[in-house]
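Engineer: Handing you this structure, nothing more for now.
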Amino acid sequence: MADPLLFNPRTYDPAQFDPETRRLLRATVDWFEDRGKRRLIEDYRSRAWLADFLAFAAKEGLFATFLTPASAAGHKDQRWDTARIAALNEIFGFYGLDYWYAWQVTILGLGPVWQSDNTAARTRAAELLTQGEVFAFGLSEKTHGADIYSTDMLLTPDGNGGFTATGSKYYIGNGNAAGLVSVFGRRTDIEGPDGYVFFAADSRHSAYHLVKNVVDSSKYVSEFRLEDYPVGQEDVLHTGRAAFDAALNTVNVGKFNLCTASIGICEHAMYEAVTHAHNRILYGRPVTAFPHVRRELADAYVRLVGMKLFSDRAVDYFRSASPDDRRYLLFNPMTKMKVTTEGEKVIDLMWDVIAAKGFEKDTYFAQAAVEIRGLPKLEGTVHVNLALILKFMRNHLLNPAEFAPVPTRLEAADDTFLFEQGPARGLGSVRFHDWRPAYDAYADVPNVARFREQADALCEFVTTAAPDEEQSRDLDLLLAVGQLFALVVHGQLILEQARLTDLDEDVLDELFSVLVRDFSAFAVELHGKDSATVDQQRWALSAVRRPVVDEARSGRVWERVEALSGAYEMAP
């Protein structure tokens with residue numbers, strides 16, 4: 001029997017969606033399954049460009065249907081629907097990050113276009129999507145990374161109302177094939193932020209010079225250079241501060257996709273790992289008979305379930321966002337930082353069990369172990385996202401506001417606000433609903449109650465022992481605090497989704513036993529920081545807790561893990 005909490009291609013039926021979405025999601029799964037595991041791995045090993053996959057997507061109208069907002073749509077099924085985009089992310093992650101990456105950078109490339117009021121560019125983008133083209137996001141540079149204040153892509157006025165653009169971009173996915181590249185630069189005749197420009201370029205133009213693929217992969221992560229590239233008014237997407245905002249708001253949209261890709265990777269790897277371990281005999285017993293193996297695989301399983309619960313609930317906040325409800329600005333870097341680093345832990349736990357098997361060239365796991373590392377490092381590092389999360393800590397923990405309850409958002413609707421986010425500032429003023437009721441609803445679950453003690457202790461820390469002005473410049477210390485706060489937010493959305501989905505309380509209790517251990521570990525880390533004060537050290541040790549142990553509960557959760565053995569294996 002398939003585990004209802006995990007994606008399984010054998011039983012997958014996305015009945016929560018409209019008929020065309022269901023058809024496309026199922027067709028995508030079938031395409032990968034029909035190709036088989038051998039071809040999947042061979043293409044990954046040989047670094048083959050994704051031409052056959054993109055041909056399939058073009059034939060089915062996959063990208064055009066999922067990535068054209070209703071305002072630019074050519075038929076009724078086209079919309080920007082975060083719920084179904086998340087579902088497709090998970091499928092792509094399950095079969096290989098190369099496929100997800102071509103789709104992900106198309107999303108990023110479209111961000112500045114769909115935020116633009118340039119009708120000609122929007123029409124052109126919609127037509128290119130219909131033709132099956134991919135897109136690219138020309139933001140980062142070799143010297144400056146994603147520091148958009150320092151761009152060296154220069155636009156010189158041509159005397160006819162347009163410009164010529166000259167400069168290089170680096171680490172730009174799909175830069176080898178994009179029908180449209182959204183490129184960020186600055187004018188040579190205007191100083192400061194008023195000189196920023198986002199414009200549309202074509203990778204096939206003679207003034208567009210592809211330098212190389214900077215990674216050893218099927219992903220084409222390009223370096224390209226423009227030499228006197230002609231930019232007409234019809235190519236200009238944004239100017240001035242609006243161009244700056246478009247860059248950050250695009251990352252807000254695209255960053256979210258990393259969590260569900262990580263989930264898909266972990267799910268496929270888990271089927272392989274549990275099946276291998278359960279069927280391998282060591283010293284006359286299955287590997288899964290050893291207590292430490294059961295603990296590691298059970299921890300991996302509940303962490304993965306937590307990743308899914310958090311990400312599913314975050315979708316609802318994205319789809320309910322508005323100028324008066326910007327809670328998504330916290331949950332977004334949480335999905336990017338917390339969910340993806342949880343994915344690394346899940347893979348590491350399973351790898352400790354299957355050991356040498358995880359290196360074998362005929363396994364999906366071997367590529368999963370590599371690819372899972374990339375997700376926490378894309379669209380900003382873990383450190384960048386933790387620093388962003390910290391901006392919301394005081395308001396979230398101590399200053400709740402009233403909001404109407406956010407329901408599960410799976411309806412077929414266009415998420416228009418994501419392209420109308422407005423100025424990318426004011427994060428410290430964002431308010432949140434009270435986090436405590438989510439915990440109160442499960443106060444009778446032993447490890448939820450134990451973790452709640454730690455969450456309350458963090459509120460005490462913020463009130464009585466928060467970093468002073470000098471410590472606020474010590475990012476090393478602040479990041480440890482950020483990890484503690486992230487755990488509280490992680491637990492909150494997990495509990496909200498658990499209530500909405502009637503999650504098995506054994507699984508929830510086992511998951512929170514892991515979170516209690518995590519909080520204790522980060523508290524000990526804070527205790528050891530060079531600049532931690534005596535009061536902060538004392539608080540840190542006082543926040544350490546032991547999870548509530550229940551062997552019967554752990555045994556029931558293990559039965560769920562054990563049942564994954566043989567539940568799915570990709571056809572040869």
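The values are calculated or read from the model by the stated rules, or taken from the named source; none is laboratory data. Note that the structure is a prediction, hence the values are computed from the model and not measured. FYI the Cβ positions are ideal-geometry reconstructions off the backbone, even for glycines, and counts take in every protein chain you see. The accessibility values were calculated without ligands, DNA or RNA, using every heavy atom of the protein model including side chains. Shrake-Rupley method; radii C 1.70, N 1.55, O 1.52, S 1.80 Å.
Engineer: Looking at Glu469 and the list (1) open to solvent by 30 Å² or more (accessible area, probe 1.4 Å); (2) modelled with pLDDT of 95 or more, which single condition is not satisfied?
Structural biologist: Tallying (1) open to solvent by 30 Å² or more (accessible area, probe 1.4 Å); (2) modelled with pLDDT of 95 or more, Glu469 fails exactly one: (2).
Engineer: Does segment 310-330 contain any residue that is acidic (Asp, Glu), surrounded by fewer than 18 Cβ atoms within 10 Å (Cβ to Cβ) and under 24 Å from Gly111 (Cβ atoms)?
Structural biologist: There is at least one residue in segment 310-330 that is acidic (Asp, Glu), surrounded by fewer than 18 Cβ atoms within 10 Å (Cβ to Cβ) and under 24 Å from Gly111 (Cβ atoms).
Engineer: Looking at (1) within 25 Å of His396 (Cβ to Cβ); (2) buried (at least 19 other Cβ atoms within 10 Å of the Cβ); (3) within 16 Å of the chain's Cα centre (by Cα), which is the one condition that is false for Lys345?
Structural biologist: Evaluating Lys345 over (1) within 25 Å of His396 (Cβ to Cβ); (2) buried (at least 19 other Cβ atoms within 10 Å of the Cβ); (3) within 16 Å of the chain's Cα centre (by Cα) leaves (2) as the failure.
Engineer: On the basis of being touching a residue at least 24 places away in the same chain (Cβ under 8 Å), under 28 Å from the mean Cα position of the chain (by Cα) and buried (at least 16 other Cβ atoms within 10 Å of the Cβ), does Asp476 make the cut?
Structural biologist: no
Engineer: Does segment 407-434 hold any residues that are open to solvent by less than 40 Å² (accessible area, probe 1.4 Å), outside any loop (DSSP other than H, G, I, E, B) and not aliphatic (A, V, I, L, M), and which are they?
Structural biologist: Correct list: Phe417, Phe419.
Engineer: Quick check on Gly254: is it touching a residue at least 40 places away in the same chain (Cβ under 8 Å), over 25 Å from Leu88 (Cβ atoms) and in contact with an Asp or Glu (Cβ under 9 Å, 6 or more places away or on another chain)?
Structural biologist: Spelling it out, it is not the case that Gly254 is touching a residue at least 40 places away in the same chain (Cβ under 8 Å), over 25 Å from Leu88 (Cβ atoms) and in contact with an Asp or Glu (Cβ under 9 Å, 6 or more places away or on another chain).
Engineer: Tell me which residues, restricted to segment 485-504, are surrounded by 15 or more Cβ atoms within 10 Å (Cβ to Cβ) and either in a loop (DSSP other than H, G, I, E, B) or over 25 Å from the mean Cα position of the chain (by Cα) (or both).
Structural biologist: Of everything in segment 485-504, those that are surrounded by 15 or more Cβ atoms within 10 Å (Cβ to Cβ) and either in a loop (DSSP other than H, G, I, E, B) or over 25 Å from the mean Cα position of the chain (by Cα) (or both) turn out to be Leu503, Asp504.
Engineer: Collect the residues in segment 1-23 that are assigned to a helix (DSSP H, G or I) and in contact with a helix residue (DSSP H, G or I) (Cβ under 6 Å, 6 or more places away or on another chain), keeping them in residue-number order.
Structural biologist: Across segment 1-23, the qualifying residue is only Thr21.
Engineer: On to the next question. Just checking, how many residues over segment 51-73 are touching a Phe, Trp or Tyr at 6+ places or on another chain (Cβ under 9 Å), over 16 Å from Tyr99 (Cα atoms) and aliphatic (A, V, I, L, M)?
Structural biologist: Residues that pass the stated criteria total 2.
Engineer: Does Tyr149 count as open to solvent by 50 Å² or more (accessible area, probe 1.4 Å), without any contact (Cβ under 8 Å) to a residue 24 or more places away in the chain and among the aromatic types (Phe, Trp, Tyr)?
Structural biologist: yes
Engineer: Search segment 129-146 for residues being open to solvent by 20 Å² or more (accessible area, probe 1.4 Å) and of a type in the set (Gly, Ala, Ser), and hand back the single one that is nearest to Ala58 (Cα to Cα).
Structural biologist: My answer is Gly132.
Engineer: Is it the case that segment 323-331 has a residue that's under 16 Å from Met270 (Cβ atoms), part of a helix (DSSP H, G or I) and touching a helix residue (DSSP H, G or I) at 6+ places or on another chain (Cβ under 9 Å)?
Structural biologist: No, the conditions are met nowhere in segment 323-331.
Engineer: Does segment 177-199 contain at least one residue that is touching a helix residue (DSSP H, G or I) at 6+ places or on another chain (Cβ under 7 Å), within 28 Å of Leu375 (Cβ to Cβ) and open to solvent by 10 Å² or more (accessible area, probe 1.4 Å)?
Structural biologist: No, segment 177-199 contains no residue that is touching a helix residue (DSSP H, G or I) at 6+ places or on another chain (Cβ under 7 Å), within 28 Å of Leu375 (Cβ to Cβ) and open to solvent by 10 Å² or more (accessible area, probe 1.4 Å).
Engineer: What single numbered condition from (1) within 29 Å of Gly343 (Cα to Cα); (2) of a type outside the set (Ser, Thr, Tyr); (3) open to solvent by 40 Å² or more (accessible area, probe 1.4 Å); (4) touching a Cys at 6+ places or on another chain (Cβ under 8 Å) fails to hold for Leu397?
Structural biologist: It fails just one condition, (3).
Engineer: Here is a follow-up. Quick one: Tyr220 ticks every box in (1) of a type in the set (Ser, Thr, Tyr); (2) open to solvent by less than 20 Å² (accessible area, probe 1.4 Å); (3) within 27 Å of the chain's Cα centre (by Cα) bar one, so which box is it?
Structural biologist: Tyr220 satisfies every listed condition except (2).
Engineer: Just checking, which of Gly555, Gly566, Gly482 is under 30 Å from the mean Cα position of the chain (by Cα) and assigned to a helix (DSSP H, G or I)? Show your work before the answer.
Structural biologist: Details: Gly555 fails: under 30 Å from the mean Cα position of the chain (by Cα); Gly566 fails: assigned to a helix (DSSP H, G or I).
Residue meeting the stated conditions: Gly482.
Engineer: Name the residues in segment 55-73 that are in a helix (DSSP H, G or I) and either buried (at least 21 other Cβ atoms within 10 Å of the Cβ) or touching an Asp or Glu at 6+ places or on another chain (Cβ under 6 Å) (or both), would you?
Structural biologist: Across segment 55-73, the qualifying residues are Ala57, Leu62, Phe63, Ala64, Thr65, Phe66, Leu67, Ala70.
Engineer: Another question, if that's okay. Report yes if Val215 is open to solvent by 20 Å² or more (accessible area, probe 1.4 Å), of a type in the set (A, V, I, L, M, F, W, C) and either modelled with pLDDT of 95 or more or under 28 Å from the mean Cα position of the chain (by Cα) (or both), otherwise no.
Structural biologist: Answer is yes for this residue.
Engineer: Follow-up. Quick check on my filter: what residues within segment 522-552 are within 31 Å of the chain's Cα centre (by Cα) and either at pLDDT below 95 or surrounded by fewer than 12 Cβ atoms within 10 Å (Cβ to Cβ) (or both)?
Structural biologist: Gly528, Arg546
Engineer: On to the next question. Out of segment 152-176, which residues are surrounded by 15 or more Cβ atoms within 10 Å (Cβ to Cβ) and of a type in the set (Gly, Ala, Ser)?
Structural biologist: Gly162, Ala165, Gly167, Ser168, Gly173, Gly175
Engineer: Name the pairs whose Cβ atoms lie under 7 Å apart, with the first residue in segment 193-218 and within 18 Å of Thr164 (Cα to Cα), the second exposed (fewer than 14 other Cβ atoms within 10 Å of the Cβ), and 6 or more positions between them or separate chains?
Structural biologist: Taking only residues 6 or more apart or on different chains, the pairs are Ala207/Glu227; Ala207/Asp228; His209/Glu227.
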